[in-house]
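J.: Have a look at this one before I ask anything.
The values are calculated or read from the model by the stated rules, or taken from the named source; none is laboratory data. It should be emphasised that the depicted structure is a prediction, and the values quoted were computed from it without experimental measurement. Cβ placement follows ideal geometry from the backbone for every residue including glycine, while neighbour counts extend to all protein chains displayed. Accessible surface areas use protein heavy atoms only, side chains included; no ligands, DNA or RNA. Shrake-Rupley method; radii C 1.70, N 1.55, O 1.52, S 1.80 Å.
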Amino acid sequence: MIVVEDLRKVYKNGEIEVEALKGVSFTIEDGEFVSIMGPSGSGKSTMMHVLGCLHQATSGKYFLDGEDIGTLNDNQLAIIRNEKVGFIFQQFNLLARSSALRNVALPLVYRGMKRSQRQEKSRIMLEKVGLGHRLDHWPNELSGGQKQRVAIARALVNDPSLLLADEPTGNLDTKTGKDIMKIFLELHDQGHTVVLVTHEPHIAEYAERIIHLRDGEIEKDEQINTSKAEALRQD
Amino acid sequence: MFLAIIRMALTSLKVNKLRTLLSMLGIVIGVGAVIAIISIGSSAQQDVTREIETLGSNIIWVSPSWNLSSADREELFTMEVAAELEALSPSVAQVVPEKTSGGRLTYQGESVDTTIVGTTPGYATINLYQPVAGRFLDQTDIEDLRNTVVLGSDMADEFFSGEEAVGERITISYNNRRSRFTVIGVMEDKGQVFAGNLDAQVYIPITTHLARMSTTNDIDTIYAEGAANAPAAQARQQVDYFFYRYLGDSDDYSIFSQDQILQVLDEVSTTLTLMLGGIAAISLLVGGIGIMNIMLVSVTERTREIGIRKALGAKKRHILAQFLFEALSLSGFGGIIGIGLGWLATYFVTDLGGWEMVVSPIAVGLAFGFALIIGIFFGLYPAIKAARLDPVDSLSYE
């Protein structure tokens, strides 16, 4: 469960201070599929960095699974990112000089898992996203959709509490984008908590709830009807 | 996890082979140079030491100082003193006096100016100097003041050029005195030693020299051979003490010993080797700066990779370890190649010089250890820089 209370984030750029988040509060229950949407400059990227424990908020509270993230140091944040957060990026962010298998295994390395165990677990994850035949391929040998599937497998490998996707279809064509969204829906159906950060309404609408951000504040926090998601499920 | 991080570091070195090789080059050359210089130095040193030891064992020589007046010399540096030194010093096996003067040899109308050495039979033993024909001077030659002469090899070549010299009669003139001498022996090739070029001299009984060729009775040099069972330093001390007691002033005579010269030579060559090794070590330092340079470029280039790793849960120390190990591998592998290179260079140079090859294990250990320390030292800053990168900034780095 995610609880955010009066979250503020101020960036200092020399003398100029920019307030990216101006007191944001919301709760996301386990198993929810939420989109955080807003135009550029709305603070949604900052929101993602804080939720993903990449940055600390300037003030306010952030609880992830009951843990007060604001009190953690760099090392503890690294552990949380490793164990509780699965990132999926627009740019895929795979290591270019490592095979798909090694990319997926990377979070397990930092968890301290044995090599044989890592490889076994990563192989299972890649099979789950339909890439069981691409284990030893390097990222430059994979299509965009396949790269994003590798990234999803990597995000899932540590069984995180929160899947955090940042414009996951931004670099994909419509058809492939839909395929990826379908995977997110499946993950949601399996009980994963998914937070999708996007500026595209038609992507945000696959979720069951949209938090609209504008100028660092919540403009609207709405449950939406899931007809679009249903349509994709049936597709 | 540690193994996995090492594997990551090695993988990234393997991916960029040419760059890896180039950044190692400084360390390769540095380690190679240090090992080659120190090893070549000690090979040469060992060769020189060995050569000196073949000149004779444990010899001490004493001469009057320049500040001693000729009257004093004549009175103080005599055959009697030499005999007394031998009698009173238990650590001295034998004493050999020497009197030299320039003179002219004439044989069948041909003349050559050379050094006439008056000495005793012991001269051949202490210099490990053997006749190739006839014999060296003996006790009877000394006691009877015989007109016998032994030729150095160059002198024998000069007059007899391979013909039988023993038994021939040769004229030696000095200060307008002329005497006929019988050649009783020809010595082996010995070449240059501390006393001069033995091959270019001729040897006559010292008694004959003093009686017929000299205007004064003093002798030029007293050689003392240390007893085989006495330490070299002890023999030297005894001789020194004898002359100090006898003359009352250490400025009146000069004393040298072979082990002293060996020691000086040793010190000189060690200093030289260390100095050159030190200069070579500077190239190691330069190699380290090369590694730091490449590592800094690498950290900048791989900023995004660092961001990804951090997002996936890498702690600062994981990133630090990865980059530090990369730097350490560069210097380590560079060091290993450098050891091979230094060994090869030593092999070729010692082969060329005809010396026995001595690769100093201390030099190898020192150079390699220094290379590793340099790898850590110069790898630390880039690694810390990598570890401190902000994950968000690095992820958005293009």
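J.: To make sure I understand the rule: partners must be lysines, Cα under 26 Å from the Cα of residue B:99, and not fewer than 8 residues away in the same chain. Which ones qualify?
T.: Of all the lysines, those that pass the test against residue B:99 - Cα under 26 Å, at least 8 places apart if same chain - are B:190.
J.: Which is farthest toward the positive dipole end of the protein assembly as shown among A:177, B:106, A:148, measuring Cα position about the Cα centre, with Cβ charges +1 (Lys, Arg) and -1 (Asp, Glu)?
T.: Of the listed residues, the answer is A:177.
J.: Now for a different question. Whole angstrom only: what separates the Cα centroid of region B:12-39 from the Cα centroid of region B:219-235?
T.: One Cα centre to the other: 51 Å.
J.: Please calculate how many Å² of accessible area region B:59-227 carries per residue, with a 1.4 Å probe and no DNA, RNA or ligand atoms counted.
T.: 43 Å²
J.: Any idea which of A:2, B:312, B:346 is furthest toward the positive side of the dipole for the protein assembly as shown, if Lys and Arg beta-carbons carry +1 and Asp and Glu beta-carbons -1?
T.: Projecting each Cα onto the dipole axis, the largest value belongs to A:2.
J.: Too long at a 31 Å Cα-Cα cut-off: which of A:61/A:121; A:121/A:220; B:17/B:315; A:121/B:316?
T.: A:61/A:121; A:121/A:220
J.: With each pseudo-label sitting 7 Å past Cα toward Cβ, what's the residue B:22-residue B:168 distance in nm, one decimal?
T.: Reported label-point gap for residue B:22 and residue B:168 is 7.2 nm.
J.: Continuing with this model, one more query. Roughly how many Å is it from the Cα centre of region A:123-181 to that of region B:180-207, as a whole number?
T.: After rounding, the separation between the Cα centres reads 96 Å.
J.: With a ≥ b ≥ c taken as the square roots of the eigenvalues of the C-alpha gyration tensor of chain B, please select rounded if a/c is under 1.5 and otherwise prolate if a/b is larger than b/c or oblate if it is not?
T.: Prolate is the answer for chain B, as a/c is 1.5 or above and a/b outweighs b/c.
J.: What value, in deg cm²/dmol to 500, does the helix sum -39500 (n - 2.57) over DSSP H runs of n ≥ 4 give at 222 nm once divided by the residues of chain A?
T.: Taking each H run of at least 4 residues, the total per residue is -11000 deg cm²/dmol.
J.: Still on this structure, I have one more. Working from Cα positions, state the angle (0 to 90°, nearest 10) between the long axis of helix A:174-189 and the longest principal axis of chain A.
T.: 80 degrees
J.: Hey, another quick one. Calculate what fraction, in whole %, of the accessible area of chain A sits on carbon and sulfur atoms when a 1.4 Å probe is rolled over the protein chains.
T.: That fraction is 44 percent.
J.: Probe radius 1.4 Å, ligands and nucleic acids ignored: give me the carbon and sulfur share of the accessible area of region B:59-227 as a rounded percent.
T.: Summing carbon and sulfur atoms, their accessible area is 44 percent of the total for region B:59-227.
J.: What helices in chain B pass both tests, a Cα length along the helix axis of 15 Å or more and a mean Kyte hydropathy of 0.5 or higher, using whole DSSP H runs?
T.: Span-like helices in chain B: B:2-15, B:17-54, B:258-301, B:316-353, B:361-388.
J.: Give, in nm to one decimal, the length gained when the segment between residue A:120 and residue A:16 is fully stretched (0.36 nm per residue of separation minus the Cα-Cα distance).
T.: Result: 32.4 nm gained on full extension.
J.: Can I ask one more? Which residues does the label zone of residue B:286 cover in region B:20-40, counting backbone N under 19 Å from a point 7 Å along Cα→Cβ?
T.: Taking a point 7 Å out along Cα→Cβ of residue B:286, the residues of region B:20-40 whose backbone N falls under 19 Å are B:21-38.
J.: Counting other Cβ atoms within 10 Å, which trypsin sites (Lys or Arg not before Pro) in region A:142-235 have at most 13 and lie in a DSSP loop?
T.: Hits after loop and neighbour filter: nothing returned.
J.: Excluding the sites themselves, what is the longest stretch of chain B that contains no chymotrypsin sites (Phe, Trp or Tyr not before Pro) in a DSSP loop with at most 13 other C-beta atoms within 10 Å?
T.: Result, exposed sites excluded: B:195-398.
J.: Using +1 at the C-beta of Lys and Arg and -1 at the C-beta of Asp and Glu, which of B:92, B:78, B:124 has the Cα lying farthest in the positive direction of the dipole of region B:59-227?
T.: B:78
J.: Nearest 10 degrees, 0 to 90: what angle lies between the long axis of helix A:74-84 and the longest principal axis of chain A (Cα atoms)?
T.: Rounded to the nearest ten degrees, it is 60.
J.: If you don't mind, there's one more thing I want to ask. How big is the charge dipole of region B:30-135 about its Cα centre, in debye rounded to the nearest 20, if each Lys and Arg gets +1 on its Cβ and each Asp and Glu gets -1 on its Cβ?
T.: Here region B:30-135 has a charge dipole of around 300 debye.
J.: Hey, got the average number of other protein chain Cβ atoms within 10 angstrom for residues in A:110-123?
T.: Average neighbour count from other chains, rounded to a whole number: 2.
J.: Work out the mean other chain Cβ neighbour count within 10 Å for the residues of A:76-82 and drop it here as an integer.
T.: 5
J.: Dipole size in debye (nearest 20) for region B:59-227 around its Cα centre, Lys and Arg Cβ +1, Asp and Glu Cβ -1?
T.: Charge dipole of region B:59-227: 380 debye, to the nearest 20.
J.: What number comes out for accessible area per residue over chain A if the probe is 1.4 Å? Units Å², please. If you can, show how the numbers build up before the last one.
T.: On the way: 10360 Å² over 235 residues.
Ligands and nucleic acids excluded, the figure is 44 Å² per residue.
J.: Something else: Report, in debye and to the nearest 20, how large the dipole of chain B comes out about its Cα centre when Lys and Arg carry +1 and Asp and Glu carry -1 on their Cβ.
T.: My answer is approximately 3440 debye.
J.: Then there's this: At the nearest 100 Å², what buried accessible area, both sides summed, do you get for B and A when the probe is 1.4 Å?
T.: Roughly 2300 Å².
J.: To the nearest 500 deg cm²/dmol, what mean residue ellipticity at 222 nm is calculated for chain B from DSSP H runs of n ≥ 4 alone, each contributing -39,500 (n - 2.57), summed and divided by the residues?
T.: Estimated from H runs of four or more residues: -19000 deg cm²/dmol.
J.: May I ask for the distance between the Cα centers of region A:75-102 and region B:109-134, given as a whole number of Å?
T.: Using only Cα atoms, the two centres lie 90 Å from each other.
J.: Each label point is 7 Å from the Cα along the Cα-to-Cβ direction; what then is the distance between the points at residue B:110 and residue B:234, in nm?
T.: 5.1 nm
J.: Just tell me how shielded B:304-311 is by partners: mean number of partner chain Cβ atoms within 10 Å of each residue's Cβ, no decimals. Show your work: numbers first, answer last.
T.: Values: counts 4, 6, 0, 3, 11, 6, 7, 14.
Neighbouring Cβ atoms belonging to other protein chains average 6 per residue here.
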